[in-house]
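Single-structure report; data block below.
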Amino acid sequence: MRKNGLWKMGMKAVPAIMAACLLAGCGGDGKDGAGTGSDGGADAPAESSADAGGAREGADAEQESGAGSQEGGDAQAEGDAQGGDQLAKILEAGKIVIGTEGTYSPNSYHDDSGKLVGFDVEVGEKIAEKLGVEAEFFEAEWDSLFSSMDAGRIDTVINEVEYSEERALKYDFSQPYTYIHGALMVKGDNEEIKTFEDLDGKKAAQNLTSSWGKMAEEYGAELVSVDAVAQTVDLLLAGRADATLNVETAFSDYLKKNPDADVKVVALTEEASSSLVPVKKGNEELLKAINEAIDELRASGELKELSEKYFGMDVTSQE
């Protein structure tokens, strides 16, 4: 979300580096390439935490030797030398690199054969198809997905990403492709927590950078860090947390796979949250192409089919 002095130093170095690049005939797509690593939830301050970490690392590198500023300047210069909207680079490469968790069922996870599957995975593949390119996935923990996009390793994140004012400072968002309510889960014998207001003074198991974690804090809960829904349930059953917040589809998926789990959903949010596709600001053509792809997927019924396949319900329409 923020860029520190490192970015400014990189910008000062741009003219000289651009000239050197032109003389040397340098180029490239500015990406480090996709890799395989491994929430979330959709979450608002996720990139804030991850980006802050990147900013601290950059500041440390600058203080130690100044090498970090040179690298930042090189990356910026390379991107400037290419120019144009990110869409052109994606079309030239023949692929769009999509960041996703790979551990968040039913949105992004690995099936019994080890294949990456899920609602968001297939949405990403279909958007890529509409763009006329291949989808290549970069798996990482939620906290690092946005910093990976900032660094140019990925083109976007498709992993139940929600809008937030903080994110909007750096990214533009596609139209919504889902509308899902938030849910509050507690242990089966918990009779103290029945509404979101009852979270005041309680412990909530949450991904610390997710929007659901932020929501729990706003209701007065103390957060206990987790990375996956299964972990939240383990903490509830062990008495180390009193409640957890997430999207209703994530809890529904867990209970479908674990029908005997001694947990229950006690409340749903009145308003639905939406999943969006983020792109870095200044990429209007890419955003337009993604929106057109989503329009086509909705009109053809493909979005609805994917939703029913993975969620057992249609969450792609407000109706």
Open item on the list: Restricting to segment 95-108, and then to whatever is within 14 Å of the chain's Cα centre (by Cα) and assigned to a strand (DSSP E or B), can you tell me which residue is farthest from Val247 (Cα to Cα)?
Closed with: Val97
Open item on the list: Please go through (1) in contact with a Ser or Thr (Cβ under 7 Å, 6 or more places away or on another chain); (2) farther than 19 Å from Ala230 by Cα; (3) modelled with pLDDT of 95 or more for Leu199 and return the number of the only condition it doesn't satisfy.
Closed with: (1)
- [ ] Kindly list the number of the only condition in (1) more than 15 Å from Val123 (Cα to Cα); (2) more than 19 Å from the chain's Cα centre (by Cα); (3) surrounded by 14 or more Cβ atoms within 10 Å (Cβ to Cβ) that fails for Asp260.
- [x] (3)
- [ ] Check Leu236 against each of (1) buried (at least 22 other Cβ atoms within 10 Å of the Cβ); (2) hydrophobic (A, V, I, L, M, F, W, C); (3) in a loop (DSSP other than H, G, I, E, B) and name the one condition it does not meet.
- [x] (3)
- [ ] Kindly list, by first and then second residue, each pair from a residue in segment 210-225 that is buried (at least 18 other Cβ atoms within 10 Å of the Cβ) to a residue that is polar (S, T, N, Q) and part of a helix (DSSP H, G or I), limited to pairs with Cβ atoms under 9 Å and residues at least 6 apart or on different chains.
- [x] Val224/Thr232
- [ ] Kindly provide the set of residues from segment 110-157 that are among the hydroxyl-bearing types (Ser, Thr, Tyr) and over 16 Å from Leu286 (Cα atoms), ordered by number.
- [x] Ser113, Ser144, Ser147, Ser148
TODO: Could you grab me the full set of residues in segment 262-299 that are assigned to a helix (DSSP H, G or I) and of a type in the set (A, V, I, L, M)?
DONE: Leu286, Leu287, Ala289, Ile290, Ala293, Ile294, Leu297, Ala299
Task: Inter-residue pairs, beta-carbon under 6 Å, first surrounded by fewer than 19 Cβ atoms within 10 Å (Cβ to Cβ) and in segment 101-128, second β-branched (Val, Ile, Thr), 6+ apart - done: Asp111/Val117
- [ ] Could you tell me which residue of segment 268-289 is surrounded by the most Cβ atoms within 10 Å (Cβ to Cβ), considering only residues that are among the aliphatic types (A, V, I, L, M) and under 20 Å from Leu169 (Cβ atoms)?
- [x] Val277
- [ ] Among the residues of segment 232-266, write down those that are in contact with a strand residue (DSSP E or B) (Cβ under 7 Å, 6 or more places away or on another chain) and either polar (S, T, N, Q) or at positive phi (or both).
- [x] Thr232, Thr244, Asn246, Thr249
TODO: Could you check, for segment 111-121, whether at least one of its residues is in a strand (DSSP E or B), in the same structural domain as Glu302 (by TED's automatic domain parsing) and not basic (Lys, Arg)?
DONE: yes
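The values are calculated or read from the model by the stated rules, or taken from the named source; none is laboratory data. Note that this is a predicted model, so its numbers are computed, not measured. We place every Cβ from the backbone using ideal geometry, glycine too, and count neighbours over all the protein chains shown.
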